[in-house]
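Worksheet: the structure to be examined is printed underneath.
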Amino acid sequence: MSLFTLTTQVLRDPDAVASSAASAALGRLAPPLLALAVGGAALFGLAAGAGSGPLQATYAAVKMPVLFLLPPLVVLPLVHAFAEACGASVPWSRLSVATLAGLARSGLLAAAAAPVLWLPLSVETPYHLAVLLFVASFMTVLLPALSTVARAVPRGGTLRPMALVGTALTLGLLIAQTGWVLRPFVARPTVAPTFLRAVEGDVFSALGATTRSATGDYDDAWAPESAGVWRERRAE
Amino acid sequence: MSVATLPSLILSVEPPPAVTPAAATPDFHTRPWVHARAIGGVAALGLAAGLAGQTEALARAPAGLAVGAGVVLLATPALIVGHQFLGMKAAPASLVSAVADAFARAGIVALGGAPAVLWLAATSEMGPTLGVLGLLGIGAFALCRVIANLYDVERAAGGAIEGATGFALVWTGLAALIGLRLLYTFAF
């Protein structure tokens, strides 16, 4: 089957792809699905960094597939464990194919959304607004992948809503922190392009600052005073 | 072109496997390796949370095991005695099985969550905080599962469901308070 045919099927009916539970199917489907996910994510990264020049666009294109793939793969053991604990076990092979199919679908959507993201970023949108636009676009294109994985787990069992909330919270935290570690995707206009910035604090220490800056409050600058969820972040 | 006419690289399309309907007798985990995996899972969660490069946090790694064992040891006698005292029908052995099964399932979830906690602890200073939050979440899952299991064993024994549910809720509240107290001791 050609990549084009697979692309069509991933877009039209990802659940059918996700139902290919055999190990042989996993081996055959994994490379093209991975290629679709990585390629789409790279294009999305290219668009995110394009507003800051070709070098930053290249950096963002290299890092974006990692941000796309790492959090869902790290949370996969939790999905499997919750399914088992709730009494609705799902084979690893089915879960893996469903994850790859979902990510491929999201990768294709990301590729299609890349020009939409590029458009506002190319017209000197304020930095913090650009970051928020990027985050919103990223979460929007990733949602179909998550719903594909959720549908791969059989219905029924006990305490499923609790498992769903726990998994969603963990995944959200993973995506946020991974994005924070791999930043910048959208570079600050006054800073030279960099592949990775030094790890300082965590995502929560910066969320408050970027939200304030997006609303025009530049007091206390961008850099967090210190790290940690329960620690002091702003100098008095 | 419709999906149905596409060449089938997508192979055999199977529906998701159906969940086995609940049997009259609850199907609890009884195999030792399942319990060992659960204990390992709670330990792994604590260890992952402690890997933030802080020796102090590493010392807290077994906190989850201590809390879990403490809750089982301190709260289960009240469950068995209270259950028999109130004249409910399930056998004491099945009550112990219900509690053990719930904690085993929670341990499996802890094992599944350990990679995520490890990644977050390795890339930030959130490890100790996440360790505590993870244990709280796992504990909540275990106690909710205990309620469901106690309901099932009482129903299987032909007892009154209303009384069993109320008793399970009260006992779960006691176990949660004991767990929080132990968590405060071991994790702070």
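The values are calculated or read from the model by the stated rules, or taken from the named source; none is laboratory data. Predicted, not measured: the structure shown is a model, and the values here were computed from it. Cβ sites come from the backbone with ideal geometry, for glycine too, and all protein chains shown count toward neighbours. Remember, those area values only see protein heavy atoms, side chains included, never the ligands or the DNA or RNA. Shrake-Rupley method; radii C 1.70, N 1.55, O 1.52, S 1.80 Å.
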note = The correct count of residues that are more than 9 Å from chain A (Cβ to nearest Cβ) and surrounded by fewer than 20 Cβ atoms within 10 Å (Cβ to Cβ) in region B:116-131 is 1
ask   = Is it the case that region A:38-51 has a residue that's surrounded by fewer than 20 Cβ atoms within 10 Å (Cβ to Cβ) and closer than 24 Å to A:A25 by Cβ?
value = yes
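Yes or no: B:A106 touching a Lys or Arg at 6+ places or on another chain (Cβ under 8 Å), at the interface with another protein chain (Cβ under 9 Å from one of its Cβ atoms) and crowded, with 24+ Cβ neighbours inside 10 Å? Break it down stepwise before answering.
Working: touching a Lys or Arg at 6+ places or on another chain (Cβ under 8 Å): yes; at the interface with another protein chain (Cβ under 9 Å from one of its Cβ atoms): yes; crowded, with 24+ Cβ neighbours inside 10 Å: yes.
Taking the combined requirement at face value, the residue satisfies it.
Based on this model, can you work out whether A:S96 counts as away from chain B (no Cβ under 12 Å), in contact with a Lys or Arg (Cβ under 9 Å, 6 or more places away or on another chain) and small (G, A, S)? Walk me through it before giving the result.
Values: away from chain B (no Cβ under 12 Å): yes; in contact with a Lys or Arg (Cβ under 9 Å, 6 or more places away or on another chain): no; small (G, A, S): yes.
Answer is no for this residue.
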ask   = What's the number of the condition B:T30 fails, among (1) modelled with pLDDT of 80 or more; (2) more than 14 Å from every other protein chain (Cβ to nearest Cβ)?
value = (1)
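For A:A187, state whether it is more than 10 Å from chain B (Cβ to nearest Cβ), assigned to a loop (DSSP other than H, G, I, E, B) and either among the polar types (S, T, N, Q) or crowded, with 18+ Cβ neighbours inside 10 Å (or both).
Working: more than 10 Å from chain B (Cβ to nearest Cβ): yes; assigned to a loop (DSSP other than H, G, I, E, B): yes; either among the polar types (S, T, N, Q) or crowded, with 18+ Cβ neighbours inside 10 Å (or both): yes.
It is true that A:A187 is more than 10 Å from chain B (Cβ to nearest Cβ), assigned to a loop (DSSP other than H, G, I, E, B) and either among the polar types (S, T, N, Q) or crowded, with 18+ Cβ neighbours inside 10 Å (or both).
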message = Looking only at residues that are crowded, with 22+ Cβ neighbours inside 10 Å and at the interface with chain B (Cβ under 10 Å from one of its Cβ atoms) in region A:146-158, which one is nearest to B:F103 (Cα to Cα)?
response = A:V153
key: So A:A113, is it in contact (Cβ under 8 Å) with a residue 24 or more places away in the chain, part of a helix (DSSP H, G or I) and touching a Phe, Trp or Tyr at 6+ places or on another chain (Cβ under 8 Å)   = yes
ask   = Quick check: anything in region A:61-80 assigned by TED's automatic domain parsing to the domain that holds A:E124, surrounded by 24 or more Cβ atoms within 10 Å (Cβ to Cβ) and of a type in the set (G, A, S)?
value = no
task = Go over the candidates A:L143, A:L182, A:L173 one by one and state the one that is assigned by TED's automatic domain parsing to the domain that holds A:A83 and either open to solvent by 40 Å² or more (accessible area, probe 1.4 Å) or modelled with pLDDT under 80 (or both).
result = A:L143
